[in-house]
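S.K.: Here it is, the structure in full.
The values are calculated or read from the model by the stated rules, or taken from the named source; none is laboratory data. Since this is a predicted model, take the numbers as computed values, not measurements. Glycine also receives a Cβ, built like all others from the backbone with ideal geometry; neighbour counts cover every protein chain displayed. We work out accessible area using only protein heavy atoms, side chains counted, and drop any ligands, DNA or RNA first. Shrake-Rupley method; radii C 1.70, N 1.55, O 1.52, S 1.80 Å.
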Amino acid sequence: MKIDMPNTTVSKIQKKLVHIREEGGAVALGRVLTLIISTALGHEEEAIEAANEASREHPMRVIIVSKNDGDTKSPGRLDAQIRVGSDAGASEVIVLRAYGETATDEESLVTGLLLPDAPVVAWWPQTAPSQPSASALGRIAQRRITDAAAQKDPNGAIEALGASYVPGDTDFAWTRLTLWRNQLAAALDQPPYEPITSVEVTGASDSPSTILLAAWLQLQLEVPVTVTTSPRATGSSGIHGVKLVRESGTIDLERSLVDVATLSMPGQPTHDLSLPRRNLRDCLAEELRRLDPDVLFGDVVKHGVPQLRETIAR
């Protein structure tokens, strides 16, 4: 069910939510968190779809703040839409489309709609603030999710996040590494248990995940890491492969197909592994499983990435 509320106020929206709950039995008591999504006008649906899918694992209230940055000439107005039932997954979705001066105070738009005594997570699917924790929505959130891959300069966005990192910050470029990290850790858990002497990571030049994976490996293994990138026009996006070199031979994990990677290890048969590119729903659901700071991500983005840059510069 979708309920449109043109030219409305936050107070009217809250009253309407109470009315819907009393009349239709939509219960907010089972929601475990409030997810605030900041998007540009006209770009809400993809994020809403991902949130609806993730809500089946994490029942929540979803608030979408949709506006166009720099739009100060339009008359101040707030249009809203409330979605419940089949249009909202296992959540309540509140879409706020703000225009003109109304869009300048995001915190006031959402404060009256937050679930009481529930954690708040802020997510910027597209353009993110330069310092998420200092932004209007970031100040009220325990977790702040950005996506460097969606920025104009993906690798620069990761470096900027490291410079301004505050516990609670995270980025989907890191979340997309989970399957890679699991496969590499599993490979190292097998004999002959020799130390790694060097690492080579290959990927697209505009892939922040490639940089984060290389930084993580250098930080954890304390060995030289070489990063080889190819232009997006001449290769696929994302990470292409990882080589872990040790005395008895090289562990080679290469993604030659979109969803399949090949694992080669000395003395063992070659294996084809499922290594799909993770969609927004999977990334969002994983991030919502933990509301405490991701300490490892903090170490990688604050220390690992700068160390990797110094290594590459040499």
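S.K.: Taking the stretch 164-196 only, how many residues are among the charged types (D, E, K, R) and under 16 Å from the mean Cα position of the chain (by Cα)?
M.R.: 3
S.K.: Right, another one. Please enumerate the residues belonging to the stretch 183-227 that are in a loop (DSSP other than H, G, I, E, B) and within 20 Å of Q307 (Cα to Cα).
M.R.: Hits for the stretch 183-227 are I196, T197, S205, D206, S207, E222, V223, P224.
S.K.: Any idea which residue in the stretch 112-129 is nearest to S164 (Cα to Cα), counting only those that are at pLDDT 95 or above and of a type in the set (V, I, T)?
M.R.: Within the stretch 112-129, the match that is nearest to S164 (Cα to Cα) is V121.
S.K.: Quickly run through the stretch 68-113 and pick out the residues that are open to solvent by less than 20 Å² (accessible area, probe 1.4 Å), outside any helix (DSSP H, G or I) and closer than 17 Å to R31 by Cα.
M.R.: I82, R83, V84, A88, S91, E92, V93, I94, L113, listed by residue number.
S.K.: When both residues are 6+ apart or on different chains and their Cβ atoms are under 7 Å apart, which pairs have a first residue that lies in the stretch 291-305 and is farther than 18 Å from Q142 by Cβ, and a second that is surrounded by 14 or more Cβ atoms within 10 Å (Cβ to Cβ) and among the polar types (S, T, N, Q)?
M.R.: As it stands, the answer is G304/Q218, since those pairs meet every condition given.
S.K.: Please go through the stretch 275-314 and give me each residue that is small (G, A, S) and surrounded by 14 or more Cβ atoms within 10 Å (Cβ to Cβ), ordered by number.
M.R.: Kept after step one, since they are small (G, A, S), are these residues of the stretch 275-314: 285, 298, 304, 313.
Scanning the stretch 275-314 gives A285, G298, G304.
S.K.: Output the residue which, of all residues in the stretch 228-270 that are open to solvent by 80 Å² or more (accessible area, probe 1.4 Å) and not in a loop (DSSP other than H, G, I, E, B), is nearest to A214 (Cα to Cα).
M.R.: Narrowing the stretch 228-270 to residues open to solvent by 80 Å² or more (accessible area, probe 1.4 Å): 232-234, 243, 247, 254, 257-258, 267, 269-270.
Imposing the further condition that a residue be not in a loop (DSSP other than H, G, I, E, B) reduces the set to 232-234, 243, 254.
Details: R232: 18, A233: 22, T234: 21, K243: 11, E254: 14 Å.
Per the criteria, the residue is K243.
S.K.: Any idea which of I63, I20 is in contact with a strand residue (DSSP E or B) (Cβ under 9 Å, 6 or more places away or on another chain), touching a residue at least 24 places away in the same chain (Cβ under 8 Å) and under 25 Å from D105 (Cβ atoms)? Can you show your working first?
M.R.: On the way: I20 fails: under 25 Å from D105 (Cβ atoms).
None of the other options fit; the residue is I63.
S.K.: A further question follows. Inspect all residues belonging to the stretch 33-56 and state whether any of them is farther than 24 Å from T127 by Cα, assigned to a loop (DSSP other than H, G, I, E, B) and open to solvent by less than 70 Å² (accessible area, probe 1.4 Å).
M.R.: No - not one qualifying residue is present in the stretch 33-56.
S.K.: I've got another one for you. In the stretch 171-203, which residue that is surrounded by fewer than 22 Cβ atoms within 10 Å (Cβ to Cβ), in contact with a strand residue (DSSP E or B) (Cβ under 6 Å, 6 or more places away or on another chain) and of a type in the set (G, A, S) is nearest to Q268 (Cα to Cα)?
M.R.: Across the stretch 171-203, the extreme among qualifying residues is A187.
S.K.: Say whether the condition of being of a type in the set (S, T, N, Q), out of contact with any helix residue (DSSP H, G or I) (no Cβ under 9 Å at 6 or more places or on another chain) and either within 18 Å of T146 (Cα to Cα) or surrounded by fewer than 16 Cβ atoms within 10 Å (Cβ to Cβ) (or both) is met by at least one residue in the stretch 13-26.
M.R.: Yes; the residues of the stretch 13-26 include at least one that is of a type in the set (S, T, N, Q), out of contact with any helix residue (DSSP H, G or I) (no Cβ under 9 Å at 6 or more places or on another chain) and either within 18 Å of T146 (Cα to Cα) or surrounded by fewer than 16 Cβ atoms within 10 Å (Cβ to Cβ) (or both).
S.K.: Output the residues belonging to the stretch 124-170 that are assigned to a strand (DSSP E or B), within 19 Å of L280 (Cα to Cα) and either out of contact with any Gly (no Cβ under 7 Å at 6 or more places or on another chain) or open to solvent by 20 Å² or more (accessible area, probe 1.4 Å) (or both).
M.R.: Result: I145, T146, D169, T170.
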